[in-house]
Amino acid sequence: MRPERVPVVIGVLAAMGAAFFIVPLVGLVVRTPWSDALAQLTAPETVEALRLSLVASLSATAIALLLGVPLAWVYARVEFPGRSLLRALTTLPMVLPPVVGGVALFLAFGRRGLVGAWLDSAFGITIPFTTAGAVMAETFVAMPFLVLTVEAGLRSMDRRYEEAARTLGAGRWTVFSRVTIPLIAPSLLAGAVLCWARALGEFGATITFAGNFPGVTQTMPLAVYLLLETTNPEASYVLSLVLLCVSVGVLVALRHRWLGSA
């Protein structure tokens, strides 16, 4: 097919649109103190923020897999009144301002919250301003990405394989674990990666619900904010570049699924 000529006006506007995204990224790369990058990355506070970010984001992804896959299966396979409303409510954190999500978590699981008051009085469990609180905040904002991706995979798969397995005598759990999960493995992997990347970059809900305590709740995005506002802006550039590299890696890994092969 003959390539289409780009009108001048559209070309200029498209170039401006691309530059709007590219120039800030170039600025980050240019302003990063490369000579001190290794020292900044190996500083104790940076290593601790990196460690906590990995622990919290991976934990959030594990919880999202445990709870989100069954939820996606219900959305894809079960008809019940209010399903659309329930799906909207459980995927709302994708568009909800993260700070609002943190406030909602605090009102639900804080020491005087709807559930938190009972947890505190009955079991002495306090979630806000703890590492568990950071994990909960990240799970809250990231799990919808996994749910929607897995639901789409379940809806698009060929269910005749499941029916054939049942005809051969396989039980429901065997069909799910040996047939369904392998068939939706690409969607499951894509959803888990998106969930992990979103959890790794979470800021608003974490700082609102879990606070910003080094070694306890201070993840990489929170460390970037603190370093930029107070002690060491150059170190914030290095950490920002690390998060940028992770984001680029996720896009490259999923480009064939979400962006096409080009």
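The values are calculated or read from the model by the stated rules, or taken from the named source; none is laboratory data. Only a predicted model underlies this, so the values are computations on that prediction, with no experimental measurement involved. Glycine gets a Cβ as well: all are built from the backbone with ideal geometry, and neighbour counts include every protein chain shown.
Numbers at a glance
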{"read-out": "Only listed residue being of a type in the set (A, V, I, L, M, F, W, C), in contact with a Pro (Cβ under 7 Å, 6 or more places away or on another chain) and within 30 Å of residue 39 (Cβ to Cβ), chosen from 210, 235", "value": "210"}
{"read-out": "Residue satisfying condition, being surrounded by fewer than 13 Cβ atoms within 10 Å (Cβ to Cβ), part of a helix (DSSP H, G or I) and aliphatic (A, V, I, L, M), within set 37, 72, 88, 76", "value": "88"}
{"read-out": "Pairs with Cβ under 9 Å, 6+ apart, first in segment 77-96 and under 29 Å from residue 202 (Cβ atoms) and touching a residue at least 12 places away in the same chain (Cβ under 8 Å), second surrounded by 10 or more Cβ atoms within 10 Å (Cβ to Cβ) and hydroxyl-bearing (Ser, Thr, Tyr)", "value": "87/75; 90/75"}
{"read-out": "Residue match in segment 43-59 (condition: farther than 18 Å from residue 195 by Cα, assigned to a loop (DSSP other than H, G, I, E, B) and in contact (Cβ under 8 Å) with a residue 24 or more places away in the chain)", "value": "yes"}
{"read-out": "Unique residue being closer than 23 Å to residue 218 by Cα and β-branched (Val, Ile, Thr) when the list is 69, 103, 95, 150", "value": "103"}
{"read-out": "Qualifying helices (runs of 4 or more DSSP H) (wholly inside segment 122-232; at least 3 residues being under 30 Å from residue 28 (Cβ atoms))", "value": "131-156, 185-200, 204-209, 220-229"}
{"read-out": "Every pair of residues 6+ apart whose Cβ atoms lie under 8 Å, when the first sits in segment 1-30 and is free of Cβ contacts under 8 Å to residues at least 40 places away in the same chain while the second is part of a loop (DSSP other than H, G, I, E, B) and surrounded by 10 or more Cβ atoms within 10 Å (Cβ to Cβ)", "value": "14/6"}
{"read-out": "Total residues in segment 204-255, condition among the charged types (D, E, K, R) and either modelled with pLDDT of 90 or more or closer than 27 Å to residue 190 by Cα (or both)", "value": "1"}
{"read-out": "Which numbered condition residue 118 fails, given (1) in a helix (DSSP H, G or I); (2) crowded, with 24+ Cβ neighbours inside 10 Å; (3) modelled with pLDDT under 95", "value": "(2)"}
{"read-out": "Residue match in segment 152-169 (condition: among the acidic types (Asp, Glu) and loosely packed, with under 11 Cβ neighbours inside 10 Å)", "value": "yes"}
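Matching residues to (1) of a type in the set (A, V, I, L, M); (2) surrounded by 10 or more Cβ atoms within 10 Å (Cβ to Cβ); (3) more than 22 Å from residue 213 (Cα to Cα):
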{"position": "5", "(1), (2), (3)": "no, no, yes"}
{"position": "22", "(1), (2), (3)": "yes, yes, yes"}
{"position": "25", "(1), (2), (3)": "yes, yes, yes"}
{"position": "30", "(1), (2), (3)": "yes, no, yes"}
{"position": "33", "(1), (2), (3)": "no, yes, yes"}
{"position": "41", "(1), (2), (3)": "yes, yes, no"}
{"position": "45", "(1), (2), (3)": "no, yes, no"}
{"position": "48", "(1), (2), (3)": "no, yes, no"}
{"position": "51", "(1), (2), (3)": "no, yes, no"}
